[in-house]
Amino acid sequence: WLGVVAKRQIMLINFDEWTENASSTMQAVGQFLQLSPFTFRVHEAHNTHIARSVHVGQAGSTNVGTIANHTIESGLSFGTHCILHEFYRPYAVDLDGLLAEYGYPLMRWDTASKGGLICPSRYRYWRHLKNVP
């Protein structure tokens, strides 16, 4: 799509930037879409794993302040986190190359560490690991 659709018609948003400052990110989205000034309701998060339910009566949004207590990442062991980092690393490199080719800023996700620990190189061979902590 980046080769077919004009750059001025595509806006890429770094999810980490959005979660750090949803207000300014949504204002940038509004400007990109040339919307009239609008105050986005960024205190609610939609489409989160907390708000998903088979129960029709459940609200479709979650208070942003409660999401940090229910992150999926917090349930991953350090080893699993590092394996996922190594698994997705080639795709992240490809994405960075594609974004650079079309003049977009790189995403710069820091997935090589968790909780102050840096993933050791042994996880590069994740396909051969057994009983990962």
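The values are calculated or read from the model by the stated rules, or taken from the named source; none is laboratory data. These numbers come from a predicted model, not from an experiment. Virtual Cβ from ideal backbone geometry, glycine too; neighbours counted across all protein chains shown.
Here is the figure for segment 1-39: residues that are under 17 Å from residue 95 (Cβ atoms), charged (D, E, K, R) and over 19 Å from the mean Cα position of the chain (by Cα) total 1.
Here residue 27 meets each of (1) closer than 26 Å to residue 101 by Cα; (2) modelled with pLDDT of 90 or more with one exception, condition (1).
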